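To start, the structure itself, in structure tokens.
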Amino acid sequence: MRALTWHGINDVRVDTVPDPEIINPRDAILRITSTAICGSDLHLYDGVIPGMKQGDVLGHEFMGIVEEVGPNSSLEVGQRVVVPFTISCGHCFFCQQQQFSACDNGNPVENQDASEKLYGHAMGAAFGYSHLTGGYAGGQAEYVRVPFSDVGPIVIPDGLDDEQVLFLSDILPTGWMAAENAGIGPDDTVAVWGCGPVGLFAVQSAMIMGAAQVIAIDHHPHRLELAARFGARTINFEQTHVDEALMEMTGGLGPDAVIDAVGMEAHGFALDNVVDAVKQKVGVGADRGHALRQAILAVRKGGRVSVPGVYGGMLDKWPLGAMMEKGLELRSGQTHVQRYTRDLLERIQRGEIDSTFLISHCLPLEEAPTGYKNFRDKQNEWTKVVLRPH
Amino acid sequence: MSTDQTSDSAPLRARKDDKADGFTYVGRSVTINRPRHELFAFWRDFQNLSTFMENIEAIEFTGPDRAVWTVRAPAGTEVQFETEIVDIVDDTSITWRSTPDSPIKTEGRVTFADAPGNRGTIVTADIGYTPPAGDLGRVVAKLFMAEPNIQARHELKRFKMLMEAGEIATPINHRN
Ligand SMILES: [Zn+2]
Ligand SMILES: [Zn+2]
């Protein structure tokens, strides 16, 4: 089959690789109909996530048609499904708590050692996202092997296009969980850093959850405009002092909740960011954290900080004093996708959530390298890229 | 085997000095979301051990409570040793040690205890060993000592996967 493979920093290629097969009883094989490039794939593209090997197949947002099933899969050949990016067994303590991304059993034991040293506990597993999260082949390919296919994939009813449901696999539940983690109440002001796909879904989710005011922060005019379409007020951080604007837009109180949908590759030329960027380049496992620092300083006393943005390593100059003195709550984490898919699918069916507004480009799989390059370099116009392997 | 405490409540395998009675101890605890009885019964049927212990080549019973274990060692070599069960407490623990004639001196215990709430069962393995001298010693040293805890850790995690998920996770995409 054809698949998008990683070969090094800024080097992804479409190669011919062997078709996947059923290995374990709960496996299914999917024929991929649509797969997206995720903002977090750019961390792999930029080489800031360790644990990648040459030839690894990328892609963790995908959907397709069931082609083959193992004896313990609950899926049936021919069903159309969206697959959560988190590979979760459904039976461990964490899965039972609906903390699916913390599943104990998805990450193969040999691949658990590195993150166990790094984080104190082994990471959960994901598709196409380095050997730290299991070393599984991803879905930017013609076919993919889906482990635990009886708990993850959600069957899509007829009458919904791929574009309407594809993002159930990652960015839609990620944006939703980001808003949920911000603990939004009806009179709240929520500020969202980053109007990439996750940030925009967080804006939309915060609106649905009843926030009084959502303020979206970015520097790409088109992305800010997309946020404004959902009723958000906007701040362009290239033109405006974010901290001052937030104070003025909240009557001197500060936002009740803040969401960092930027993550470790924050752009911009704030001094702390430049220092962080240098450290990241010399490879000491450091993250860039300007957006997160700014969010923590901006949030009101006793406010909530939600971190859906991906961080991988260490961050220094952490505003711990502000955190403690202001009495903040911090919630974060990889998305517990399986917890949200059913509810979000119903909201899509009711027309409550629009997930198609984001897609700017649909490309055949063969053009995936162009998709990666433009999604990173032309963020204003290339808001979301969908690849079509078939 | 010695799992007595000294001045704190930490298990012997977590102590900075992990040697006692001439043994080196390795081990690990995992919490498995299954009933205690089920886990004990699976482990008690020793033939099952090779389903999650990847290094076991063969288990041959030489008596009701005695078995010869053939274990794969690095560089295509094999190590054999014989053990006997010294104590079994139903649904609670299994304790074994090497027979006097065995070329490797080892002893171990696996215990099964209820986890708090509905978290299932805490399974703990404590394995003590003394590598023999000579060529065999070097092979065993490689087998056990390169990273003594890794093997125990991996095997218990595979046991957990098999018991909870019904299969052992792998990123492998192709049979054979
Ligand atoms: Zn993603
Ligand atoms: Zn699980």
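The values are calculated or read from the model by the stated rules, or taken from the named source; none is laboratory data. Worth saying up front: this structure is predicted, and the values here are computed from it rather than measured. Cβ: placed from backbone, ideal geometry, glycine included. Neighbour counts: every protein chain shown. Accessible surface is based on the protein model in full, side chains and every heavy atom, while ligands, DNA and RNA are left aside. Shrake-Rupley method; radii C 1.70, N 1.55, O 1.52, S 1.80 Å.
So the values come out like this:
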| read-out | value |
| --- | --- |
| Charge dipole magnitude, Cβ of K and R +1, D and E -1 - chain A, Cα centre, debye nearest 20 | 500 |
| Within a Gaussian network of chain A (alpha carbon springs, distance under 10 Å), most fluctuating of A:227, A:212, A:261 | A:212 |
| Fluctuation leader among A:61, A:142, A:110 - chain A, Gaussian network, Cα springs under 10 angstrom | A:110 |
| Residue mean of other protein chain beta carbons inside 10 Å, A:15-24 | 3 |
| GNM result for chain A, Cα springs below 10 Å: residue of A:199, A:210, A:106 fluctuating most strongly | A:210 |
| Residues with amide H under 5 Å from that of residue A:356, placed H, sequence gap 5 or more | none |
| Between B and A, accessible area buried - total, square angstrom, nearest 100, 1.4 angstrom probe | 2500 |
| Mean accessible surface per residue for region A:85-211, computed with a 1.4 Å probe while every protein chain stays in place, in Å² | 27 |
| Accessible carbon and sulfur surface of chain A relative to its total accessible area, %, 1.4 Å | 52 |
| Rg/Rh (Cα only; Kirkwood hydrodynamic radius) as it applies to chain A | 0.95 |
| Pairs beyond 24 Å (Cα-Cα), from B:105/B:160; A:117/B:16; A:301/A:384; A:317/B:16; A:53/A:373; A:317/A:373 | B:105/B:160; A:301/A:384; A:317/B:16; A:317/A:373 |
| Dipole magnitude of region A:303-390, debye to nearest 20 (Cβ charges: Lys/Arg +1, Asp/Glu -1, about Cα centre) | 120 |
| Positive dipole terminus of the protein assembly as shown, leading residue within A:214, B:25, B:128 (C-beta point charges) | A:214 |
